[in-house]
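The values are calculated or read from the model by the stated rules, or taken from the named source; none is laboratory data. Quick caveat, the model's predicted, so the values are computed rather than measured. For neighbour counting, all protein chains shown are included, and Cβ atoms are generated from backbone atoms with ideal geometry for every residue, glycine included.
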Amino acid sequence: MYNDVYRHGVNQNSLKIKLNWVMMCGVQKLVPMTLVFMKSLSVISLNFKLITDYRARMSVTERKKPMSVLDATEIMELIPNRYPILFMDKVDELNPGESIVCTKNVTINEEFFQGHFPGNPVMPGVLIIESLAQAASILILKTEKYHGKTAYLGAIDDAKFRKVVRPGDVLKLHVNMEKQRDNMGKVKCEAKVDDKVACSAELTFIVPDPKKKI
């Protein structure tokens, strides 16, 4: 290039100055473009982080949402209880042979509130125990060994009532298998309202051979 310049009689130093000026102009234009590009990358990175965090929060929220394992119709296919002695609306969680969580929605339309007590409706403690027993029956009869049979309540131990249950309460029935042998077993139960224990007890169940009368 410089040889061509000499042939045309152009001063080399002058050309260098012009070239430097052109390069400076180019750099001045390039620097703002680079800054814009870097800012764009920062915005993209921030947006990606926000989206990732949002998805993570949504994932946690979705995991926290309770899903019904068994509805009322499916429950009635397992246990023989029917209205007005069916105290089970749905099964929230079920680990066959280990644990179960069920829901009983307590409403003012329950027949027992007519007499227990007028003007002061309170769910009878014996019916809270019955609700726990029904939840235990589902846990027991959902196992392959006892499927299609009937579970009977054999004993109630260490029953305690700590909170009054009234219309509008949502009773969460937690049952854990403690012992199991042959056709008998023991479960540990808690009935909760708003995560506070209303009743706790240990129940013994018996699942007899349907061919034999007890």
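Residue-wise test of (1) farther than 16 Å from ALA151 by Cα; (2) surrounded by fewer than 20 Cβ atoms within 10 Å (Cβ to Cβ); (3) among the small types (Gly, Ala, Ser); (4) at pLDDT 95 or above.
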residue: ARG181; (1), (2), (3), (4): no, yes, no, no
residue: LYS186; (1), (2), (3), (4): no, yes, no, yes
residue: VAL197; (1), (2), (3), (4): yes, yes, no, yes
residue: ASP209; (1), (2), (3), (4): no, yes, no, no
residue: LYS212; (1), (2), (3), (4): no, yes, no, no
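Can you go through ASP182, ASP169 and tell me which one is of a type in the set (Asp, Glu), farther than 22 Å from GLU77 by Cα and in contact (Cβ under 8 Å) with a residue 12 or more places away in the chain?
The match here is ASP169.
Taking the criterion of being surrounded by 11 or more Cβ atoms within 10 Å (Cβ to Cβ), modelled with pLDDT under 95 and on the phi > 0 side of the Ramachandran plot, would at least one residue in the stretch 89-110 satisfy it?
Taking every residue of the stretch 89-110 in turn, at least one turns out to be surrounded by 11 or more Cβ atoms within 10 Å (Cβ to Cβ), modelled with pLDDT under 95 and on the phi > 0 side of the Ramachandran plot.
If you take the residues of the stretch 71-88 that are assigned to a loop (DSSP other than H, G, I, E, B) and among the aliphatic types (A, V, I, L, M), which of them is surrounded by the most Cβ atoms within 10 Å (Cβ to Cβ)?
Applying the filter and picking the extreme gives MET88.
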